[in-house]
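The block underneath contains the structure these notes are about, expressed in structure tokens.
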Amino acid sequence: MSEKQPQKMNLFQLTILTMVNMMGSGIIMLPSKLAEVGTISILSWLITAGGSLALAYAFAQCGRYSRNQKGGMGAYAEYSFGKSGSFMTNYTYALSLVIANVAIAITAVGYFATLMNWTLAPVQVAMWTIAFLWLTTIPNFWGAKITGRMSSITVWGVIIPVLGLSIIGWHWFSGQTYSQAWNPHNMPLSEALPASISITLWAFLGLESASANADAVENPEENIPKAVLGGTLLTAIVYIISTNVIAGIIPNAELAASTAPFGLAFEHMFGHAAGQLVSALAVIACLGSLLGWQFTSAMVFKSGADEQYFLPVFGKLNKHNAPVLGMLIVASIQTLLSLMTISPDLSKQFDKLVNLAVVTNLVPYVMSMSAVLILLKSAHVEHKKAVFVAAIAFIGTVYSFYALYSAGEEAMLWGALVTFLGWVLYGKVVSTKFDLKPHPIDEDIHDYSLL
């Protein structure tokens, strides 16, 4: 008797999974941050949604056609840039996760402070941030099984309030409140758009992982691109609706000053107890999300160590297959980062980290998009299809550069410094581990006749 084949995901299931993967804790500080610009930020949402769709589609095609067994953005970049490109992609992506996780921890602190009715000094914010980082690192010592289960449950603490607000929040929506918040600081459009690009892209970070493993999907050639596009589009719609409906419920100044905007919205709608409940759910969701991302961050460093990109210590596993030493190093770096970014208020510290996380995450995006055409060529994709996908990837690249510009001078400065440090590390340390002659993945990878 033949073994029963595992059931595969259909298009609907994969689309829902894509949405759940993207709708994590990144959204729950957005209404307050967007209120600092005004409801004119809906224009930034539309730009980011378009750019994210382009990136998501290109990544879906990369996952479909890449023959590099390692997979992921480093594998895509290697098609055009070789080992150095793969290293830089893995290096900057790993850094972005380390930074982004500190921002998630600060989000949890903001909601927790509101829940406890505390006013925290900058040093206290840093101390609570560090405590949450270590609190979500230590349970990962026992492996991914518990982490995965907890994260898959706690994420609904964000998704349910956000979806609920998108559906029922219109009953409390005031057009006058919304219109008064359109451009409270009278910014010219050329300033208002970039002012909110980074924070809107922050909500979409992780879209590169939305492409599921083809082996787990029915008809992957058709369903993966459809699910990635559909999931990203539906997520964008929920993001845009939820953040804009809040702007019509809560006066702009009050919303901009809040460290727990979704809790504040439910308080306006249903009273104090409802606001407290949503804030509590948000704290749980943030900690669950952080638990998963701390493990993921350590595993990215572990994968880099396996490729001889990072120090061997990051690749050492305990009996639960958890890279504990790597986790300890990452958490220590995050502790220093929390102390280095102390700001007068929680919101400013969050801004610094989000902008830097966006900049470091965009480096692998740009490198992956730049390799799309060569990747498709090596997979012998028909000319018309390859040109279309390359054109979409070019749109994603243009958006990525605009997002880099929008992140601001400080984030670009620090992002450039750590990126240049990566090139130094590769040239001085990592490159000596590889044969410096070109190693094309396929013998015809450098046939540029398609161009």
Distant-in-sequence amide H partners of Ala371 (H built 1.01 Å from N, under 5 Å): none
Stretchable slack from His272 to Leu425, in nm (0.36 nm times residue separation minus alpha-carbon distance): 49.8 nm
17 Å Cα-Cα reach of Lys316 towards lysines, excluding residues that sit fewer than 8 places from it in its own chain: Lys302
Estimated vicinal HN-Hα couplings, Hz - segment 226-236 in sequence order (Karplus 6.51, -1.76, 1.60; Gly, Pro = x): 5, 5, 5, 5, x, x, 5, 5, 5, 5, 4
Extension reserve of the Glu409-Ile333 stretch, reckoned as 0.36 nm per residue once the Cα distance is removed: 25.0 nm
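Could you sort Asp351, Asp306 by their accessible area in this structure, using a 1.4 Å probe and putting the largest first? Before the final figure, lay out the partial values.
On the way: Asp351 40, Asp306 90 Å².
Largest accessible area first, the list is Asp306, Asp351.
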Phe310 long-range amide H proximity, modeled H, under 5 Å: Ala305
For the chain, the longest site-free run once trypsin sites (Lys or Arg not before Pro) in DSSP loop states with at most 16 other Cβ atoms within 10 Å are removed: 71-315
Residue-wise HN-Hα coupling along segment 55-60, computed from phi with Karplus coefficients 6.51, -1.76, 1.60 (Hz; x: Gly, Pro): 5, 4, 5, 5, 5, 4
Simple spin-label estimate for Lys226 and Ala144 in nanometres, 7 Å along Cα-Cβ: 2.8 nm
C-alpha long axis of helix 409-425 to longest principal axis of the chain, angle in °: 30 degrees
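Quick one: which of 168-179, 279-290 comes out on top by average Cβ neighbours within 10 Å, and what's the full order, highest first? Provide the component values of the computation, followed by the final result.
Details: 168-179: 13.4, 279-290: 24.7.
Result, highest mean first: 279-290, 168-179.
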Under-5 Å amide H pairs with Met9, H placed in peptide plane, nonlocal only: Val217, Glu218
Note, ³J(HN,Hα) from phi for segment 20-36, Karplus 6.51, -1.76, 1.60, rounded to Hz, x at Gly and Pro: 4, 4, 8, 8, x, 6, x, 7, 6, 9, 4, x, 5, 5, 5, 5, 5
Cα-projected label distance for Lys8 with Phe434, points at 7 Å along beta-carbon direction, nm: 3.3 nm
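In what sequence, largest accessible area first, do Tyr91, Tyr405, Tyr65 appear using a 1.4 Å probe?
Details: Tyr91 20, Tyr405 150, Tyr65 45 Å².
From most exposed to least exposed: Tyr405, Tyr65, Tyr91.
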Relative contact order %, the chain, counting alpha carbon pairs below 8 Å whose residues are six or more apart: 33 percent
Surface/4 estimate of mean projected area, convex hull on alpha-carbon atoms of the chain, nm²: 23.2 nm²
Hits among lysines - C-alpha to C-alpha of Lys377 under 27 Å, sequence gap 8 or more where chains match: Lys70, Lys83, Lys226, Lys385, Lys437
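The values are calculated or read from the model by the stated rules, or taken from the named source; none is laboratory data. Predicted, not measured: the structure shown is a model, and the values here were computed from it. So basically every Cβ, Gly included, is an ideal-geometry build from the backbone, and we count neighbours across all protein chains shown. Accessible surface areas use protein heavy atoms only, side chains included; no ligands, DNA or RNA. Shrake-Rupley method; radii C 1.70, N 1.55, O 1.52, S 1.80 Å.
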